[in-house]
Structure formats: structure tokens, C-alpha cells
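Each remark here refers to the structure printed beneath this line.
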Amino acid sequence: MPYRIVKRKDLIPGQTVLMVVDAPMIAEKARPGNFVILRVNDHGERIPLTIADRDPAAGTITIVFLVVGKSTALLATLQEGEDILDVCGPLGRPTHIEKRKAVICVGGGTGIAAMHHIAKGHHEAGNRVVAVIGARNKDLLLFCDELGSFCPEVLVATDDGSRGHKGFVTEVLRKRLEEDKDIEEVVAIGPVPMMEAVAKVTKPFGVKTTVSLNSIMVDGIGMCGACRCTVDGHVRFACVDGPEFDGHAVDFQELRMRLGQFRCEEKQSFDQFKARS
Ligand SMILES: Cc1cc2nc3c(=O)[nH]c(=O)nc-3n(C[C@H](O)[C@H](O)[C@H](O)COP(=O)(O)OP(=O)(O)OC[C@H]3O[C@@H](n4cnc5c(N)ncnc54)[C@H](O)[C@@H]3O)c2cc1C
Ligand code: FES
């Protein structure tokens, strides 16, 4: 069954795309933390993407993706009114949301969009949510207005200081943890080095820290083993046991190694795609 793109927007031209996709059954069932796996065409690779938002009344889900290789570049060529061949979901375990005094949700780069749905879930549970978002510069910050609509505070860090704190989200996070003793949980979504750094910062504070692992996935239903990761010394499949795990227990070194294992093939395939288009 094809899935119609009802809205498409270049959030960052040539780099980051937002799509609102008609998928009523997924929109009804999706919870914060869930993801979908989609294919653009019959020969297409399976692309896992986090559900950044949903509108059950309109029957739509929102995805936001960074163009990093052949499959995301192909997806980005689709326009409003065109169809995605298939969208499978909602997949993964939803975010475990408990009543907390306050939660910090950290998002880096495209991870800000994925973090948005989780932050919204915590807000709807009655938790005070402080958003901490970061990017290389102010033009690369996503979802500032959306987060501002329900978070009492959106703290910003940019590498070049063009907006908010000049430096990393982890510096903003550490300061807030020192000042705000009501913070009972930290959630981080973004590049692997950022999530690893967040977990290092929160450890001495003893604050529960949840990270969302973007392991390489193929089937998304626990059969192929592609998304294997190690958490607390145990093998876990990110697609069915996660994608969210205790950040203090994840083997990030293994995750980084596994994410890079097809780099040559990915580069070759992207180069061929660019040469053809
Ligand atoms: C649960 C989950 C949720 C994700 N959510 C988002 C999101 O909301 N927005 C977003 O921009 N990206 C997200 N990603 C990453 C996204 O799936 C990859 O960027 C995409 O599959 C890359 O495909 P490609 O062919 O364009 O790039 P490729 O050239 O194939 O790969 C580029 C890099 O992307 C990663 N990658 C490649 N294939 C996969 C795969 N099958 N599964 C996971 N990672 C892969 C690898 O690190 C690789 O080095 C998510 C990944 C997972 C596992
Ligand atoms: S993607 Fe196949 S087991 Fe997780």
C-alpha cells in the first residue's frame, strides 16, 4: 500500500527534509520513541526513521531525515503528492515515561526532531521538560518553535556561538544538573559521540539517562541480528529490545564500530547515485 506525502519541506536545504506522510494506522498506534522502516521503491534499501510527531486525527506521521547516503538522497527526491512504496511501523518499544518532577531532553542535529516526540510525551505525562538542543550553528537548529510551545525552557548551544551557549550541549547540561536538583531523568538523541558524552556527564550525578540507538537495521523485527548491540554486558537487538537503552550501560565503542562497517560500500553506492542523477 503506497503512503502519500502530504507535506514536504526542506528544513535545511540540501541536507534535512521534513515529510508529513499519510499513514492513519501508524498515526493511531505510534507512541513516543517508536520508529518506522520505509522503502522508496521495489529495489530500495530499508530506511529506519524515528516518528518525530503524529496527528491521529489527520492520520499522518512526521519524519525528519538527514541526507547522508543513497537511500536518504533517493527519499529526498520525492515531492508532495508522491508516494512512498511502503512504511512499516510503529516499530520498537515506546519510550518508558514515568511521572517525574523534571526531565531534560537533549537533542543534537537531526536528533532534535526525534527527541521532540519524546519530550512531548513527557510533557503530556505532566513532567516539566527542559529541552537542551545543539547544532554547529543557528541555521542548523530544528524544531525550536515546536519545543518552545510546550517546554518552559529551550536551552541552546551552538559550536560557533551564533545562538545560545558557544560550545556543546553537554556543557549546558552539566550546569543545569548542578543547579536544578529536580531533574530525575535525562533523555538524549543525536550523534553517537553526543549520546556517549551525555551519559558521561550524567553518571556522577546518578541521574537516569536514556539514549536512543541508531544501529544499522534491516528487518526491524528481531530476526536478522543486524542491529545487535551490547548493553550491560548482554546482547540486545535495538529494533525490538530498544531503540532506547540505559546510556550508562551501552557499549558505545562497539556501536561506533558496527555503524562504520559498510562505509566503503555506502560511499561507492552514494557516488554512483550522484553520478547518475
Ligand atoms: C531506530 C532508528 C531511527 C533513526 N531515525 C532517524 C531519523 O529520525 N532521522 C535520520 O536522519 N536518521 C535516522 N536514522 C538513521 C537512518 O536510518 C540512516 O541515516 C539511513 O538509513 C542512511 O541510509 P543511506 O542509504 O542514506 O546512507 P548510507 O550511505 O547507507 O549510510 C550512511 C550511514 O547511515 C547509517 N545507516 C546506513 N544504513 C542504515 C540502516 N539500515 N539502519 C540504520 N542506519 C543506517 C550508517 O551509520 C551509515 O554509515 C535512524 C536509525 C535508526 C536505527
Ligand atoms: S534489525 Fe534485524 S534484528 Fe534488529
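Applying the set (1) touching a helix residue (DSSP H, G or I) at 6+ places or on another chain (Cβ under 9 Å); (2) under 21 Å from residue 114 (Cβ atoms) to residue 240 leaves exactly one unmet item: (1).
Just one of the listed residues (25, 1, 19) is in a loop (DSSP other than H, G, I, E, B) and farther than 30 Å from residue 205 by Cβ, and it is 1.
Go through the range 112-145 and give me each residue that's within 23 Å of residue 99 (Cβ to Cβ) and of a type in the set (Asp, Glu). Hit for the range 112-145 is 124, nothing else. Looking only at residues in the range 6-33 that are acidic (Asp, Glu) and either surrounded by fewer than 15 Cβ atoms within 10 Å (Cβ to Cβ) or within 28 Å of residue 96 (Cβ to Cβ) (or both), which one is farthest from the chain's Cα centre (by Cα)? If we take residues in the range 6-33 being acidic (Asp, Glu) and either surrounded by fewer than 15 Cβ atoms within 10 Å (Cβ to Cβ) or within 28 Å of residue 96 (Cβ to Cβ) (or both), then 28 is farthest from the chain's Cα centre (by Cα).
Of the helices (runs of 4 or more DSSP H) contained entirely in the range 88-194, those carrying at least 1 residues that are over 25 Å from residue 30 (Cβ atoms) fall at 169-179. When the range 100-119 is filtered for residues that are surrounded by fewer than 24 Cβ atoms within 10 Å (Cβ to Cβ) and at pLDDT 95 or above, the ones remaining, listed by number, are 100, 101, 102. The residues of the range 219-244 that are open to solvent by 70 Å² or more (accessible area, probe 1.4 Å) and either near ligand 1 (Cβ under 10 Å from one of its atoms) or in a strand (DSSP E or B) (or both), listed by number, are 228, 234, 235, 236. Regarding the range 187-209, can at least one residue be identified that is crowded, with 20+ Cβ neighbours inside 10 Å and more than 25 Å from residue 122 (Cβ to Cβ)? Looking for residues that are crowded, with 20+ Cβ neighbours inside 10 Å and more than 25 Å from residue 122 (Cβ to Cβ), one finds none in the range 187-209, hence no.
Okay, residues lined up against (1) touching a residue at least 60 places away in the same chain (Cβ under 8 Å); (2) at negative phi:
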| site | (1), (2) |
| --- | --- |
| 14 | no, no |
| 21 | yes, yes |
| 26 | yes, yes |
| 30 | yes, yes |
| 34 | yes, yes |
| 42 | no, yes |
| 45 | no, yes |
| 50 | yes, yes |
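The values are calculated or read from the model by the stated rules, or taken from the named source; none is laboratory data. Please read these numbers as outputs of a predicted model, since none were measured by experiment. Virtual Cβ from ideal backbone geometry, glycine too; neighbours counted across all protein chains shown. To get the accessible areas, we keep the full protein, side chains included, count just its heavy atoms, and leave off ligands, DNA and RNA. Shrake-Rupley method; radii C 1.70, N 1.55, O 1.52, S 1.80 Å.
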